[in-house]
Amino acid sequence: MSPAQSSAPSSAPPPLVGIVMGSRSDWETMQHAAAKLEALGVPHEVRVVSAHRTPDVLFDYADTAAARGLRAIIAGAGGAAHLPGMLAAKTAVPVLGVPVQSKALNGMDSLLSIVQMPAGIPVATFAIGNAGAANAGLFAAALLAAEYPAIGAALSAFRARQTDDVLANDDPRR
Ligand code: RP5
């Protein structure tokens with residue numbers, strides 16, 4: 001599935017969460033955020049928005065995010081990963097940053113670029129790579145849970161299943 005294919009079709013409910021990434025190459029990581037939102041029934045959209053290749057698109061995305069009804073933006077980027085911080089600078093919609101695992105520095109560059117925001121413009125930063133993307137999806141669902149009971153119920157059910165799986169397989173020898 002490509003980022004474009006996973007965008008909400010026009011008949012779908014308007015997206016509550018935007019998943020953006022600096023490059024199509026980030027989709028391999030960011031699909032894990034989309035999978036969690038999909039599983040929990042959270043309406044979302046997916047776009048490639050590059051801070052340095054398409055800065056005008058970034059500004060427009062941030063400028064219109066709140067008015068379009070987005071309640072959170074999950075932003076993944078690798079290397080000099082300024083996408084989450086730039087989005088946060090331009091919108092009050094909460095930005096959840098996902099450091100993509102870079103080839104040169106294994107994602108430490110991405111992590112530090114995203115997490116080290118100066119005081120005043122926060123970006124919630126998640127783990128490097130797939131786990132971070134998945135957790136950003138779960139966190140976005142948690143942000144929406146109080147207002148959207150169906151999402152809250154889906155999140156509770158997911159966590160209960162996860163607990164049950166561990167309890168049912170608590171002997172690592174079998
Ligand atoms: C960043 O540069 C992207 O977020 C991506 O992680 C990284 C490499 O991009 P590509 O060269 O693969 O397009 O902007």
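The values are calculated or read from the model by the stated rules, or taken from the named source; none is laboratory data. Keep in mind that this is a model prediction, so the values were computed, not measured. A quick note on method: Cβ atoms are made from the backbone with ideal geometry, for glycine too, and the neighbour counts reach across all protein chains shown.
Within the set Val57, Val93, Val98, the sole residue that is in a strand (DSSP E or B) and out of contact with any Cys (no Cβ under 6 Å at 6 or more places or on another chain) turns out to be Val98. When the residues of the stretch 7-33 are filtered to those that are hydrophobic (A, V, I, L, M, F, W, C) and surrounded by fewer than 24 Cβ atoms within 10 Å (Cβ to Cβ), the one that is nearest to Ala145 (Cα to Cα) is Leu16. Among the residues of the stretch 85-119, those identified as more than 16 Å from Phe139 (Cα to Cα) and within 11 Å of the ligand (Cβ to nearest atom) are Val100, Gln101, Ser102, Lys103, Ala104, Gly107, Asp109, Ser110, Ser113, Ile114.
None of Ser25, Ser50 is assigned to a loop (DSSP other than H, G, I, E, B), at pLDDT 95 or above and within 10 Å of the ligand (Cβ to nearest atom) except Ser50. Considering every residue within the stretch 102-115, establish whether at least one is under 26 Å from Gly41 (Cα atoms) and not small (Gly, Ala, Ser). No, every residue in the stretch 102-115 fails to be under 26 Å from Gly41 (Cα atoms) and not small (Gly, Ala, Ser).
Check the stretch 69-78 and report whether any residue there is within 16 Å of the ligand (Cβ to nearest atom) and part of a loop (DSSP other than H, G, I, E, B). Among the residues of the stretch 69-78, at least one is within 16 Å of the ligand (Cβ to nearest atom) and part of a loop (DSSP other than H, G, I, E, B), which makes the answer yes.
What are the pairs with Cβ atoms under 7 angstrom where one residue, in the stretch 57-79, is aromatic (Phe, Trp, Tyr) and the other, located anywhere, is within 13 Å of the ligand (Cβ to nearest atom) and in a loop (DSSP other than H, G, I, E, B)? Sequence gap at least six, or different chains. Close Cβ pairs (under 7 Å, with a partner that is within 13 Å of the ligand (Cβ to nearest atom) and in a loop (DSSP other than H, G, I, E, B)) amount to Tyr61/Val49. Of all the residues in the stretch 108-122, those that are surrounded by fewer than 23 Cβ atoms within 10 Å (Cβ to Cβ) and closer than 17 Å to Ala33 by Cβ number 0. Screening the stretch 33-47 for residues that are within 16 Å of the ligand (Cβ to nearest atom) and assigned to a strand (DSSP E or B) and picking the one that is nearest to Gly152 (Cα to Cα) gives Val46.
Of the residues contained in the stretch 122-130, one or more are found to be assigned to a helix (DSSP H, G or I), under 17 Å from the mean Cα position of the chain (by Cα) and either within 12 Å of the ligand (Cβ to nearest atom) or within 23 Å of Ala157 (Cα to Cα) (or both).
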